[in-house]
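Report on the following structure.
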Amino acid sequence: MSRIVITGASGNYGRGLTDLLIEAGRAEDLILITRSPEKLADRAGQGCTVRYGDFDKPETLAEAVQGAQKMLLISGTRVGARVVQHKAAIDAAAAAGVKHIAYTSFIGIDDPANPAEVRHDHIETERLIRASGMAWTMLRDAHYADSMIVMAGPGVMQSGQWVSNSGEGLEAMVWRDDCVASAAAVLLGEGHEGKIYNITGPDLQTFREVAAIMAEVTGRPVTYVATTDDEQYAMFDAMGIPRRPVDDQSVAGIPWNSDDMVSFGRAIREGFLELCTDDVERLTGRPARSVRALIEANAEMLRGA
């Protein structure tokens, strides 16, 4: 059995993935890398190997990845500053003899006209992976529905307004758990080398349509308010959200920066994220779950916001 190393294993994605791999009987094959090993003490108790590793300290990664044949590189959280971090992990994996690297990338990044700031991080990381000599699989995840419904949703419900610069642009938001299940399928399966998977939800929708579903399911008024890029910046500035990324900082439950979010909304508005596939079903054997289903699963929380 090949050993699998997972970066950022104490985050939400890493935890969900580790759960699935343990359920598959692979606990003893897992090497979990984190900046905070104390957060994964439970995983050591389940039979996993937990190692300290920090994207910002390349020397720690060289040791952390030893003995692995596969790696899942979970992208870092610092939008606009991730390429150097990811390069450290890629270089460490290649030097340690890792054979196959999978990466949590993002949809719609091939078009250089895509204005989303996240594009640069992901396209450059993919380029470094391809140049590394390792076999690769790109898991290009769509926009997490969880981000908009679970994290931003309570603020939307409190105000009764979904304010966005995404206009009437379409995207197929995806459950993070479906992205995690797709990654598990790649790590546990064979024949995924050299493949790009676009991990999306089942429906292309506008934020206006999603706001209407929230209103219908919760029984509370939610109005979609289309705004300009400048107005969106002003709103985030007023909330105290930084324009550039700050590690481990969240404001009103939102951990992002406004340069990222405003450029992201523009990318939706201009059609760069209008992509819908059945790759979740191809990888996991079951269809991707809908945004409506996520709203229904969190209806009580949203009503109580």
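The values are calculated or read from the model by the stated rules, or taken from the named source; none is laboratory data. For clarity, every value in this text was computed on a predicted model and none was experimentally measured. As a convention, Cβ positions derive from the backbone with ideal geometry for all residues, glycine included, and neighbour counts pool all protein chains shown. Just so you know, the surface numbers come from the protein's heavy atoms only, side chains and all, with ligands and any DNA or RNA stripped out. Shrake-Rupley method; radii C 1.70, N 1.55, O 1.52, S 1.80 Å.
Of note:
- Put a dot 7 Å past the Cα of ASP91, heading toward its Cβ, do the same for ALA238, and the two dots end up 4.5 nm apart.
- Here the sum of -39500 (n - 2.57) over DSSP H runs of 4 or more residues, divided by the residues of the chain, equals -11500 deg cm²/dmol at 222 nm, to the nearest 500.
- For the chain, the relative contact order is 18 percent, taking Cα pairs closer than 8 Å that sit 6 or more residues apart in sequence and dividing their mean separation by the residue count.
- Under the combined filter of DSSP loop state and at most 14 neighbouring Cβ atoms within 10 Å, segment 201-301 retains these trypsin sites (Lys or Arg not before Pro): ARG243.
- log10 of Debye I(q)/I(0), alpha-carbon scatterers only, for segment 83-154 at 0.11, 0.16 Å⁻¹: -0.33, -0.63
- The simple Förster model, with R0 at 35 Å and r as the Cβ-Cβ distance, assigns SER36 and GLU216 a FRET efficiency of 0.30.
- Calculated diffusion of segment 1-81, Stokes-Einstein form, Kirkwood radius summed over Cα pairs, 20 °C and 1.002 mPa s, µm²/s: 171
- A simple spin-label model places pseudo-atoms 7 Å from Cα toward Cβ; at GLU190 and MET301 they are separated by 3.9 nm.
- Relative contact order, whole percent, for segment 1-109 stands at 27, derived from Cα pairs under 8 Å and 6 or more residues apart.
- Beta bridges by DSSP in the chain, antiparallel share as percent, to the nearest 5: 10
- Debye intensity ratio I(q)/I(0), log10, the chain, q values 0.11 Å⁻¹ (C-alpha model): -0.67
- Computed E for SER2/LEU204 - FRET, C-beta separation, R0 41 angstrom, nearest 0.05: 0.65
- Near VAL262, once Lys and Arg are set to +1 and Asp and Glu to -1 for all other residues with Cβ below 15 Å from its Cβ, the sum equals -3.
- Inter-site label distance for LEU128 and GLU63 at 7 Å from Cα along Cβ, in nm: 2.2
- Per residue, the accessible area of the chain comes to 41 Å², computed with a 1.4 Å probe over protein heavy atoms only.
- Each principal axis of segment 74-227 carries a Cα extent, and these read 55, 30, 24 Å when sorted largest first.
- A straight Cα-to-Cα reach below 20 Å connects LYS70 with the lysines LYS87, LYS99, LYS195, residues fewer than 8 places away in its own chain not being considered.
- Dipole in debye (nearest 20) - the chain, about Cα centre, beta carbon charges: Lys, Arg +1; Asp, Glu -1: 560
- Based on C-alpha pairs under 8 angstrom that are at least 6 apart in sequence, segment 180-305 has a relative contact order of 37 percent.
- Extreme residue, positive dipole direction of the chain, given options ALA9, GLY153, PHE207 (C-beta unit charges): ALA9
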